[in-house]
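**Q** My questions will all concern the structure given below.
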Amino acid sequence: MGAIEGLLYGMSVMAQPENILAALAGVLIGTAIGVLPGLGPLAAAALILPITYTMSPTVAVIAIASIYAGSMYGGSTTSVLLKIPGETASIITTIDGHKMAQQGRAGVALSIMAIGSMVAALISVVFVALLSPSLSRMALNFGAPEFFALTAGGLLALARVTGFGSLASALFPLFVGLSLSTIGQEALSGVFRYTFGVPDLAAGLDLTAIFVGFFGLAEVLLMVEAMRGYKRPPRVPMRSLIPTRTDLKRSLAPWGRGTLIGFFFGLLPGPAGTMASFTSYKVEKTVSRYRREIGSGAIEGVAGPEASNNAAATSALIPVLTLGLPFSATYALMLAALVVQGINPGPLLITDHPEIFWGLIVALLLGNVMLLVLNLPLVGVWILALRIPVYVLAPLILLFAVVGVFSSRNSHFDLWVLIVAGIAGALMMRLGFDMAPLALGFILGPIIEQQMRTSLVLSRGDVGVFVESPISKVIWAVVAIVLVAEPLIGRLARRRGTASVLSGTDVPR
Amino acid sequence: MTESRGYERKGRALVGVVGFMASLVLIWTASQDYPIGTWERPGAATFPIIVGIGWLLASALVIWESRRADLNVEKVELTRSDVVKAGLILVAFIGYVALLPVLGFILATAIFFALVLRTLTSLALWRIAAAGLTTALAFYGLFVALFGLPMPAGVLGFG
C-alpha cells in the first residue's frame, strides 16, 4: 500500500466513531494532565495504559498518541503563562514565552506555539507516512544480530545521552529495568527465574504495575511533596490570541528550521523532544535575523523550539512503527499496549495491521488539528486544572492507579509491586536518576535476550556474528560515535555555559 | 540543577550499595540455579549474568560518582511538613491496599479518601465522609459497573 492509498485507508479507519472519540478524549485528557506541573506525557500515558486494555489495539494506540500530543501542548501552555514547564521539552519555551506573557503577549505566544506545533507535526506525519513503508521493507532484511545491535546499541546510546550529565544516572536505571525484565518464566527454555517460590512472579512482573508505579505513583508522591499552589496565571482574552502579520512572518523560518531539527532528533535514541528544542533555540540564537532579541521575549524563541519538539515527538514514531523499537519511554508504553493485546510490533506491522499504522498516522493529523481548534479557546479551562487542590488530585490519581493495576491481571500482588515501584521511583527521581532508560530496559530486555541467544545459536557460538553484517557494523559504529562524542560535546557546552539559559526556570522532575 | 548537598550524595551512595548487592544476588542465583548452557546454545542464566555484571558496574559508578563534589542533583527545597504530607499519603495508600481484599473496593476507597482529606484539610467531618463515599461510588459506577473492570468484593461481598 502506497502513502496516498494508505492515508485514504487511514481516513476510513479514523471515520469510526470510537477512533475519533479516542483522539478527542486523548488530546483533552493529555492537555489536562500536561498542564499539571510534575505530570508529563509519560505519567499521563502510564496512568491511562490499563484502561487501553479494554479497547481495541487501534483505539489504544490512537488514545496514547493523542495523550502524548496533548500533554506536550499542555506542558508548553504553563511554560508561557507561569514559567512552569509541564515537561522537559518545554523548558526552553519558558525563556521567551514567559517574557512575552509579562509583556502582555501571552495570547500571541500560545497561538504561535500551537500553530507551529500543528504545522511541524503535520509535516512530520507526512514524512512518517512516506518513509515508514520503505524503511519497514528494508527492516525485513534485518536478522537477529542486526536487531540485537539496534536494541542493545540503542539502549547504550540512550544511556550515554540522557542522565542529566551523569552516566551513572542513566546506566543504573537501565540495568534495573533489564534485571526486572528477567523475572518470571523465560520464553525460550521455560525456566522460572527469580520467582523464589512466589507463584505471582511466575508470569513475570506486570508491566502495568511497573510503569504506573515507577512513573505514575512516583510522580504523584513528588507532586504532593513539592506542590504548594502557584501564582495566579494571567487572563488570556480570545482577541489576544490572534497573531499579527509580522508575528506570523517572523515565525515562518523558525517553524521550518525547528521542524527539520525536530524530525532528525526524533529518529535518534534519547530525550528527542528536549534535545530538539534546545538545539532549535540555539540555532535561532545563531542564525535568526532577530537573534539579539531572543531571550527577551522574541517570537522566534517560542516558534522554533515548539515546532521542533512536536516534530521530534512525531518522527520518533518511525523506529516504533517500522522496527518495533521505542526510543522514548512514552512510545515504549504504546508498544506495551500493543504487546499486551497480542500484536507484535515490528517490520510486519504495516502489512499485518495496516489499520493500526495508517489509523495512527491519520489520528495524529486529526489530533493536531483538534489541539489547535479546541485548545486555544479552552486555555482558560486548562488553567483551572492548576487550581485543583493537591489533597483532592493526589488521592484521585492513586485510586485511578489502583483500579488500573488491579484490573490488569486481577492480582492483589501487583498492587504491592505498584507501591514498591512507586517508592523506589520517587526516591530515584529525587536523587537525580533518569527513569526513561528503566522503562526501555524493562520493555526491550526480553527482545535483546531473544535476539542475542538466537544469533549465537544460528552462528554456532561465534560471537563475531554481532558485528559481521554491514548493517550491524554501521549501527555499532554510530553507537561508538555517540558514546565517544557525547562527553566531548557536553564538556564543550559546559565550557560555553549553555546551561545558563536554564537559570531561574522552575523545572519539574 | 545545582551542586549536590550531603544527604543527596549519601542517598545516591546508598542506592549504589543496594544495587551492588542486588546485582551480586542476581549473578549468584543465575549461576547456581539456572542452566548456563554453551556459546552454541546459551542457557537461561546467560542473559541475567551479563545484565548482572552491567548492573554491578553501574552501581560501582554510582558509588564513585557520589563522592564527586560537582555531582549535579536538582535542588528541591522541601519543608518538614512537605515530607510529612507525602509520607502520610503514602502510609494511607499502603493501608488502603492492605485492607482492599478485606473491606472491598467501595468501603476501602471511601475510608482512604476520607482519611487523606482528614489528614490534609480542616473540612468538617460530615463533608469528609460525604466526599469519601461519593468518590468511592463514582469510581465503582464508572470502572466496575460501566467498564466492567474486576475489583475486590471484600468480606461483605460487595464492591
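**Q** Quick one: helix A:354-375 against the long Cα principal axis of chain A, what's the angle to the nearest 10°, folded into 0 to 90?
**A** 20 degrees
**Q** Another question about this same structure. Might you report the magnitude of the Cβ-based charge dipole of chain A about its Cα centre, with Lys and Arg at +1 and Asp and Glu at -1, to the nearest 20 debye?
**A** On the way: 31 positive and 24 negative charges, 421 e Å.
So the magnitude is around 2020 debye.
**Q** How large is the accessible surface per residue of the protein assembly as shown, computed with a 1.4 Å probe and reported in Å² as a whole number? Can you show the working numbers first?
**A** Working: 26760 Å² over 668 residues.
Result: 40 Å² per residue.
**Q** Taking a ≥ b ≥ c as the square roots of the eigenvalues of the Cα gyration tensor of region A:311-430, is the shape rounded (a/c under 1.5), prolate (a/b larger than b/c) or oblate? Walk me through the numbers before you get to the answer.
**A** Numbers: a/c = 2.10, a/b = 1.18, b/c = 1.79.
It is oblate, given that a/c is not under 1.5 and a/b is not larger than b/c.
**Q** Could you sort B:V62, A:V339 by accessible area so the largest value comes first, with the probe set to 1.4 Å? Numbers along the way, then the final one.
**A** On the way: B:V62 0, A:V339 80 Å².
If we order B:V62, A:V339 from most to least accessible, we get A:V339, B:V62.
**Q** Hey, another quick one. Which sequence of A:R105, B:R80 reflects their accessible areas, 1.4 Å probe, from the largest down? Intermediate values should be presented prior to the final figure.
**A** Details: A:R105 75, B:R80 200 Å².
In descending accessible area the options line up as B:R80, A:R105.
**Q** Related question: Any idea what angle helix A:413-430 forms with the longest principal axis of chain A, computed on alpha-carbon atoms, 0 to 90 degrees, nearest 10?
**A** That works out to roughly 50 degrees.
**Q** Which value at 222 nm does chain A reach when only helices count, each DSSP H run of 4 or more adding -39,500 (n - 2.57), with the total divided by all residues and rounded to the nearest 500 deg cm²/dmol?
**A** Values: 22 runs with 353 residues, N = 509.
Calculated mean residue ellipticity at 222 nm is -23000 deg cm²/dmol.
**Q** In what sequence, largest accessible area first, do B:E40, A:E284 appear using a 1.4 Å probe?
**A** On the way: B:E40 95, A:E284 0 Å².
My answer, sorted largest first, is B:E40, A:E284.
**Q** Could you compute how much accessible surface A:I471 exposes when probed at 1.4 Å, giving the result in Å² to the nearest 10?
**A** About 60 Å², rounded to the nearest 10.
**Q** Let me ask something else about it. Take a quick pass over the protein assembly as shown and tell me how many lysine pairs come in under 28 angstrom between Cα atoms, counting only ones 8 or more apart or on separate chains.
**A** Step by step, the pairs that qualify in the protein assembly as shown add up to 20.
**Q** A follow-up question, please. Just add up the charged neighbours of A:Y194: K/R +1, D/E -1, any other residue whose Cβ is under 13 Å from the Cβ of A:Y194. It would help to have the intermediate numbers written out before the result.
**A** On the way: positive: A:R193; negative: A:E186, A:D200, B:D33.
Once positives and negatives cancel, what remains is -2.
**Q** For region A:87-180, which chymotrypsin sites (Phe, Trp or Tyr not before Pro) are both in a DSSP coil and crowded by at most 10 other Cβ atoms within 10 Å?
**A** Working: sites: A:F127, A:F142, A:F147, A:F148, A:F164, A:F175; in loops: A:F142, A:F164.
Those that pass, being in a loop and sparsely packed, number zero.
**Q** For chain B, what does -39500 (n - 2.57) per DSSP helix run (n ≥ 4), summed and divided by total residues, give at 222 nm, in deg cm²/dmol to the nearest 500?
**A** On the way: 5 runs with 104 residues, N = 159.
My calculation for chain B gives -22500 deg cm²/dmol from helical runs alone.
**Q** With a sphere of radius 9 Å drawn around the Cβ of A:R250, what net charge do the other residues whose Cβ falls strictly inside it have (Lys, Arg +1; Asp, Glu -1)? If you can, show how the numbers build up before the last one.
**A** Working: positive: A:K249, A:R289; negative: A:D247, A:E300.
Summing Lys/Arg as +1 and Asp/Glu as -1 gives 0.
**Q** Another question, then. Hey, got the average number of other protein chain Cβ atoms within 10 angstrom for residues in A:173-182? Intermediate values should be presented prior to the final figure.
**A** Values: counts 2, 4, 13, 8, 1, 7, 10, 1, 3, 10.
Per residue, the number of nearby Cβ atoms from other chains is 6 on average.
**Q** Next question, about the same structure. With the Cα gyration tensor of chain A in hand, convert its eigenvalues to equivalent ellipsoid semi-axes via √(5λ) and list them largest first in whole Å. Intermediate values should be presented prior to the final figure.
**A** Values: eigenvalues 238, 133, 108 Å².
After scaling each eigenvalue by five and taking roots: 34, 26, 23 Å.
**Q** Using only Cα atoms, tell me the angle between helix B:125-139 and the longest principal axis of chain B; keep it within 0 to 90° and round to the nearest 10.
**A** That works out to roughly 70 degrees.
The values are calculated or read from the model by the stated rules, or taken from the named source; none is laboratory data. What you are looking at is a predicted structure, and each value in this text was computed from that prediction instead of being measured. Every residue, glycine among them, receives a Cβ derived from its backbone with ideal geometry; neighbour counts consider all protein chains shown. All accessible areas refer to the heavy atoms of the entire protein, side chains included, with ligands and DNA or RNA removed. Shrake-Rupley method; radii C 1.70, N 1.55, O 1.52, S 1.80 Å.
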